[in-house]
Amino acid sequence: QVQLVESGGGLVQAGGSLSLTCAATGSIFRINDMAWYRQAPGKQRELVAGITGGGRTNYADFVKGRFTISRENGKNTVYLQMNNLKPEDTAVYYCTLNRGGSRWPDYWGQGTQVTVSS
C-alpha cells in the first residue's frame, strides 16, 4: 500500500515563503500523477496544483504566479514552493497520488498545517 509523507508546513508572516515536501513510499510501478490539495476550516477541499508523471503541471488560479509544483525526476517525490503567502492561504495542505490510469487522487497524505499571519 502506498504511503505519503508530508513535511514543511508551519507558521509564516504574510509575504513570506514556505516549501512543502511529499515523498511516496510503497510498491509503485510507475511515475505517478501527484497533486497538492488544501482545505481551510469551513471550506471545501480544493486543488492547489498538480503534476503528471511526465512533469506537466496545472495550477489553481488563486496560486498562479506564487506557487510552483515540481518533482524529482523519475521519482514520486513532489514539492510545493509557496511564495508571497497570504492569510487566505491558511489551510491544511494534502499531498495526493493517483494510481495508473486515474485522473483523481487514490492516496492521500495526513496533511500539514500552513498558517499565514497578517
*Cβ-Cβ below 8 Å, separation at least six or inter-chain, first residue in segment 41-57 and of a type in the set (Ser, Thr, Tyr), second assigned to a loop (DSSP other than H, G, I, E, B): which pairs?*
Thr52/Asp33
*For residues that are part of a strand (DSSP E or B), open to solvent by less than 30 Å² (accessible area, probe 1.4 Å) and either in contact with a His (Cβ under 7 Å, 6 or more places away or on another chain) or closer than 22 Å to Ser17 by Cα (or both), tally how many sit in segment 91-115.*
6
*Can you tell which of Gln1, Gln13, Gln44, Gln81 is polar (S, T, N, Q) and modelled with pLDDT under 95?*
Gln1
*So which residues in segment 79-102 are more than 18 Å from Gly10 (Cα to Cα) and either within 14 Å of the chain's Cα centre (by Cα) or touching a residue at least 40 places away in the same chain (Cβ under 8 Å) (or both), if there are any at all?*
Thr96, Leu97, Asn98, Arg99, Gly100, Ser102
_Among the listed residues Lys43, Lys75, identify the single one that is within 22 Å of Thr25 (Cα to Cα) and among the basic types (Lys, Arg)._
Lys75
*Do we find that Val78 is β-branched (Val, Ile, Thr) and more than 21 Å from Pro105 (Cα to Cα) in this structure?*
no
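The values are calculated or read from the model by the stated rules, or taken from the named source; none is laboratory data. Predicted model, so just to flag it, every value in this text is computed and none were measured. Here the Cβ is made from the backbone with ideal geometry for all residues, glycine too, and neighbour counts use every protein chain on show. With ligands, DNA and RNA removed, areas are computed over all heavy atoms of the protein, side chains included. Shrake-Rupley method; radii C 1.70, N 1.55, O 1.52, S 1.80 Å.
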